[in-house]
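The next block holds one structure in the form of structure tokens; read it before the comments.
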Amino acid sequence: MESNCWNCGASAPERFCADCKALQPPPADYFVFFGLPAQLSLDGKELEKQFYALSRQLHPDIFARKSQREREYSLEATAVLNDGFRVLRDPIQRAMYVLKKQGLDIGEQGTRDVPPELLEEVFDLNMALEEMKFGDEEARTQILGARERFEGMCKEIDGELKKLFAAWDAGHDAEVLTEIRGLLNRRKYITNLIKQTETA
Amino acid sequence: MAYSDKVLDHYNNPRNVGSLDKNADNVGTGMVGAPECGDVMKLQIQVDDTTGIISDAKFKTFGCGSAIASSSLATEWLKGKTVDEALQISNTEIVNELSLPPVKIHCSVLAEDAIKAAINDYRTKQTKRVPVAEAVA
């Protein structure tokens with residue numbers, strides 16, 4: 001943190017001010033908050049360790065008798081702690097978080113970032129699902145087969161993502177990030193389809 | 001979230017659901033998708049060879065009510081327009097007509113993209129068949 005301590009004015013306070021021990025406002029960035037390197041391949045155990053350690057340090061109960069401002073900061077910090085843990089522990093959500101930070105927000109992209117073959121496939125499976133609702137037995141077999149295929153595709157994507165995560169961490173190459181986004185798009189379509197085969 | 005009456009109307013009675021022969025020279029097909037929600041939309045136009053007017057339009061959308069309504073409305077608007085006029089249809093017109101809330105604007109964008117993709121497909125086919133058409137004439 002670059003600013004001074006809100007309480008005593010000491011420079012460069014960390015989570016707590018070194019001089020007066022007052023709790024500082026929490027950093028908004030999840031990686032900074034957890035004191036972890038901003039990497040796509042993250043050590044889950046280290047994250048969990050930090051989560052429990054910080055939970056103990058920042059719990060609002062500890063600040064019940066402190067100043068109003070510290071009580072507010074502990075509430076804010078607890079919110080960042082929980083949100084950040086939920087996002088960072090999941091590789092897909094973590095990747096989407098990093099993409100957003102890098103200006104490649106998955107929700108703000110055009111509709112053309114999906115390969116046409118995938119759309120055709122998604123469309124056909126949806127048609128098959130719809131037919132199934134009218135009790136066509138042949139379609140059911142088709143759907144079960146498709147589901148297996150989609151689950152296989154999903155696994156394949158996860159393997160590829162793992163490699164790309166390591167590649168991004170090694171060089172912060174913008175192209176790698178675009179590739180990751182493409183794969184995440186594809187993965188979203190496929191997980192949606194798997195979900196639909198379950199409800200069909 | 002509450003849908004507007006017009007969205008509900010299109011959702012409950014979608015216009016022009018179906019498909020046209022995608023291999024026909026005078027049919028253009030647009031297939032688009034929204035990765036963040038997993039929607040997929042297919043929109044087709046059939047153009048009258050002599051007048052250059054869109055004589056038929058069909059769609060099939062797998063997605064939310066707003067995506068279905070946007071594409072249903074689009075097919076209604078397309079019929080009777082020339083290809084150039086059809087290119088003028090913008091997503092904001094769809095948003096206004098259906099009173100779509102901000103979180104559903106991307107559904108109208110999807111419909112606009114589908115129109116453009118269908119026209120693009122039609123035009124690509126036309127440039128390929130020009131010599132044949134002249135030979136026949």
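The values are calculated or read from the model by the stated rules, or taken from the named source; none is laboratory data. Not measured: the values here are computed from a predicted model. A quick note on method: Cβ atoms are made from the backbone with ideal geometry, for glycine too, and the neighbour counts reach across all protein chains shown. Each accessible area value is taken on the protein alone, full model and side chains, heavy atoms only, with ligands, DNA and RNA left out. Shrake-Rupley method; radii C 1.70, N 1.55, O 1.52, S 1.80 Å.
For region A:21-167, give the percent of accessible area contributed by carbon and sulfur heavy atoms, probe 1.4 Å, rounded to a whole number. Let's see the in-between values first.
On the way: 4500 of 8680 Å².
About 52 percent, which is the carbon plus sulfur part of the accessible surface.
How large is the translational diffusion coefficient of chain A in µm² per second when you combine the Kirkwood radius over alpha carbon pairs with Stokes-Einstein at 20 °C and 1.002 mPa s? Don't skip to the answer; put the middle values down first.
Values: Rh = 20.0 Å.
The estimated diffusion coefficient comes to 107 µm²/s.
Counting only other chains, and only Cβ atoms inside 10 Å, what mean value do you get across the residues of B:24-35? Write down the numbers at each step before the final one.
On the way: counts 0, 0, 0, 0, 0, 0, 0, 6, 6, 13, 9, 18.
The mean count of partner-chain Cβ atoms within 10 Å per residue comes to 4.
Could you tell me the distance between the Cα centroids of region A:24-94 and region B:1-42, to the nearest Å?
Between the Cα centre of region A:24-94 and that of region B:1-42, the gap is 44 Å.
Mind checking region A:9-51 for GluC sites (Glu not before Pro) that DSSP puts in a loop (not H, G, I, E or B) and that have at most 14 other Cβ atoms within 10 Å?
The qualifying sites are A:14.
Could you order A:34, A:16 by accessible surface area, starting with the largest, using a probe radius of 1.4 Å? It would help to have the intermediate numbers written out before the result.
On the way: A:34 0, A:16 65 Å².
Listed by decreasing accessible area, they come as A:16, A:34.
Would you compute, from DSSP H runs of 4+ residues alone, the mean residue ellipticity of the protein assembly as shown at 222 nm, taking -39500 (n - 2.57) per run and dividing by the full residue count, rounded to the nearest 500?
Only helices count here, giving -19500 deg cm²/dmol.
Show log10 I(q)/I(0) for region B:1-103 at q = 0.11, 0.18, 0.24 Å⁻¹, two decimals, from a solvent-free Debye sum over equal Cα scatterers.
-0.33, -0.86, -1.36
Loop only by DSSP, 13 or fewer other Cβ within 10 Å of the Cβ. Give me the trypsin sites (Lys or Arg not before Pro) in region A:120-200 that pass, ordered by residue number.
Answer by residue number: A:133.
Which three numbers, in whole Å and largest first, are the semi-axes of the equivalent ellipsoid of region A:116-197 derived from its Cα gyration tensor as √(5λ)?
32, 11, 7
Determine the order of B:107, B:37 by accessible area, beginning with the largest, at a probe radius of 1.4 Å. Intermediate results must be reported in sequence, preceding the final value.
Numbers: B:107 0, B:37 45 Å².
Putting B:107, B:37 in descending order of accessible area: B:37, B:107.
Given contacts defined as C-alpha pairs under 8 Å and at least six residues apart, what's the relative contact order of region A:1-89, whole-number percent?
Relative contact order for region A:1-89 comes out at 25 percent.
Ranked from the most accessible area to the least, with a 1.4 Å probe and all protein chains present, what is the order of A:29, B:5?
Putting A:29, B:5 in descending order of accessible area: B:5, A:29.
Viscosity 1.567 mPa s, temperature 4 °C: what is the translational diffusion coefficient of the protein assembly as shown from Stokes-Einstein with a Kirkwood Rh over Cα pairs, rounded to a whole number of µm²/s?
In µm²/s, the coefficient is 55.
Taking every Cα atom in region A:1-89, find the radius of gyration and the maximum pairwise distance Dmax, and write them in Å.
13.2, 40
Below 8 Å, C-alpha to C-alpha, sequence gap of six or more: please give me the relative contact order for chain A in percent.
Relative CO of chain A lands at 18 percent.
Counting only pairs 8 or more places apart or on different chains, how many lysine pairs in region A:83-200 have C-alpha atoms closer than 30 Å?
Close lysine pairs found across region A:83-200: 20.
What is the distance in Å between the Cα centres of region A:147-200 and region B:76-108?
32 Å
Please list, by residue number, every one of the trypsin sites (Lys or Arg not before Pro) in region A:38-87 that is coil in DSSP and has at most 11 other beta-carbon atoms within 10 Å. Write down the numbers at each step before the final one.
Details: sites: A:45, A:49, A:56, A:65, A:66, A:69, A:71, A:86; in loops: A:65, A:66.
Those satisfying the criteria are A:65.
For region A:57-176, what is the convex hull volume of the alpha-carbon atoms per residue, in Å³?
Spread over its residues, the Cα hull of region A:57-176 gives 200 Å³ apiece.
Keeping all protein chains in the complex and leaving out DNA, RNA and ligands, what accessible area do you get for residue B:56 with a 1.4 Å probe, in Å² to the nearest 10?
30 Å²
About the Cα centre, and with charges only on the beta carbon of Lys, Arg (+1) and Asp, Glu (-1), how big is the dipole of the protein assembly as shown? Nearest 20 debye, please.
About 900 debye.
So if R0 is 45 Å, what FRET efficiency would residue A:14 and residue B:87 give, r being the distance between their Cβ atoms, rounded to the nearest 0.05? Intermediate values should be presented prior to the final figure.
On the way: r = 58 Å, r/R0 = 1.29.
So the FRET efficiency works out to roughly 0.20.
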